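Where a number appears in this text, it was derived from the coordinates with a stated rule and is not lab data. Small disclaimer: the values here were computed from a predicted structure and weren't measured. Heads up, the Cβs are rebuilt from the backbone with ideal geometry, glycines too, and the neighbour counts pull from every protein chain shown.
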Amino acid sequence: MNCKNCGAVIRYDPKTYSLICDSCGFSKVLPKPDETSAVEEKDFSSAVDNASRDWQTDLRTVTCKQCGTVTYNDPNQISGICPYCGSTTVLDNSELADSIAPSAVIPFRMSKEEIASKFYKWNKWAFWTPEKFRKGAILDDLKGVYVPYWTFDADSHSSYSGRFGITVTNGDDTSTKWHDGNGGFDLFIDDKIVCGSKRFVSYKKLKNIIVFNKDDLIPYTPEALLGFSAEKYTIGLEESWEIAKQELKKRMLNKACDNESADFYDKNKTQITTEYRNIKYRYILVPMWLSATRYKDKVYNVIASGIDGRGDAQRPISVAKIMIIILLLVGIFLLPVILGLIFQFIVIAYMN
Ligand SMILES: [Zn+2]
Ligand SMILES: [Zn+2]
């Protein structure tokens, strides 16, 4: 994106929340989440036909040859290293037309420098890891990427029938009293969150790293993309909704349990069916700082939230360092034994 005044490339500064032109001094502050009205939710049932596919800016897609990740990038700011797998990427000129445009974005609040210094402090004590990782050289490659997320709202009605257990305490004895129960209830689903990237499906820690709520969102603006890339979603709207329903099933069973004033339910004997109406969705771009470093044929990732800096770093173990530590420990434990032996020899020699 270029400056309206002078045509130079402008950048986004997370510290001041603004767009800055270093060439002519132009700056513009992005809307803050608390200043904007709630981000509108879109109707799920008509999404496929009616969703906007206009990202309102010129973007190029970059496909990684190695891991297949597709990202959208400002034509001025395409970098050569894939933040997911560390390989060099290849330019692809395919259109964005097949991709729904986001309805909301959470702008970056943490700068690359803030993330790097945070991780550097943490890495400093990781003595077992190779110097390249401990000294934070890998953090030079941190790249800001917007990761796709979906959120859903819906009205729901559930009907259940099954077997429910209540814990009964009688003195020191506890036993379970079972009963059959059936019934129904309504529940409003508010902002059920599903990550739209297949890359994170098996990464359980993600839910502890990426934490946000609707107060963090602003309506999508292409200006927020400045200097960053956006990962193309690999889990689409319909598939995400299926995942959401799977995850909600557990919440529904717990609610049935509450309805029966029970502590647990018999998994094999309890059935629940839920109907959803008025399903609304949002497609959100969520900011993350990522890097991938190849070390002895394996990839080690740094993953951090661009919202508040929570994160995780995978680090290899240096075999040479571990050997030195083991030798030192062995040395420390053996030292008294060796000194004892020397002392004995001296005593024996002296006695003779
Ligand atoms: Zn300018
Ligand atoms: Zn890659």
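Expressed as a whole percent, how much of the Cα-Cα distance distribution for the chain exceeds 28 Å? Can you show the working numbers first?
Working: 35688 of 61776 pairs.
Beyond 28 Å sits 58 percent of the P(r) for the chain.
3J(HN,Hα) along the stretch 66-74: 7, 10, x, 5, 10, 10, 9, 9, 5 Hz, from the Karplus curve 6.51 cos²θ - 1.76 cosθ + 1.60 with θ = phi - 60°, whole Hz, x for Gly and Pro. Would you mind checking the pairs 28/192; 198/280; 32/280 and listing those with alpha carbons more than 28 angstrom apart? Correct reply: 28/192. Between the amide H of residue 310 and those of 305, distances stay under 5 Å, these residues lying 5 or more places away or on another chain, with hydrogens modeled in the peptide plane. Computed 3J(HN,Hα) for the stretch 287-299, one whole-Hz value per residue from the Karplus formula 6.51 cos²θ - 1.76 cosθ + 1.60 where θ = phi - 60°, is x, 9, 9, 10, 8, 9, 10, 8, 9, 6, 6, 10, 9, glycine and proline marked x.
What net charge is computed for the residues neighbouring residue 15, neighbours being all others with C-beta under 9 Å from the C-beta of residue 15, Lys and Arg scored +1, Asp and Glu -1? Intermediate results must be reported in sequence, preceding the final value.
Details: positive: 109; negative: 13, 114.
Counting the neighbours of residue 15, the net charge comes to -1.
A convex hull fitted to the Cα coordinates of the stretch 111-239 yields 249 cubic angstrom per residue.
Stokes-Einstein diffusion coefficient for the stretch 160-314 at 10 °C in a medium of 1.306 mPa s, Rh from the Kirkwood formula over Cα pairs: what value in µm²/s? Could you put the intermediate results ahead of the total?
On the way: Rh = 19.3 Å.
Answer, rounded: 82 µm²/s.
Absence of a disulfide-compatible partner, taken as no other cysteine beta carbon within less than 4.7 angstrom, is noted in the chain for 195, 257. Each residue in 270, 63 was given a count of other beta-carbon atoms within 10 angstrom of its own, and listing them fewest first yields 63, 270. Normalised by the number of residues in the chain, the average gap of Cα pairs under 8 Å and 6 or more apart makes the relative contact order 25 percent. Around the amide H of residue 143, modelled in the peptide plane, lie the amide H atoms of 290, 291, all under 5 Å away and 5 or more residues distant in sequence or on another chain. Of the trypsin sites (Lys or Arg not before Pro) found in the stretch 186-250, those that fall in a DSSP loop while having at most 15 other beta-carbon atoms within 10 Å are 204, 205.
Under 5 Å from the amide H of residue 129 lie the amide H atoms of 318, each residue being 5 or more positions distant or on a separate chain, with H modelled from the backbone and absent for Pro and chain starts.
In the chain, which whole DSSP H runs stretch at least 30 Å along their own axis (Cα) and average 0.5 or higher on the Kyte-Doolittle scale?
For the chain, where a helix must reach 30 Å along its axis and average at least 0.5, the hits are 319-351.
Over the stretch 207-275, the Kirkwood radius and the radius of gyration, each from Cα atoms, give a ratio Rg/Rh of 1.15.
Springs join every pair of Cα atoms under 10 Å in this Gaussian network model of the chain, and among 16, 69, 234 the largest mean-square fluctuation is at 16. Here the extension length gained between residue 187 and residue 20 equals 55.6 nm, from 0.36 nm per residue of separation less the Cα-Cα distance. Under a GNM of the chain (C-alpha, springs under 10 Å), which listed residue has the highest mean-square fluctuation: 125, 55, 289? Sorting by GNM fluctuation, first place goes to 125.
For the chain, the longest piece that avoids every one of the GluC sites (Glu not before Pro) found in DSSP loops with at most 16 other C-beta atoms within 10 Å covers 96-352.
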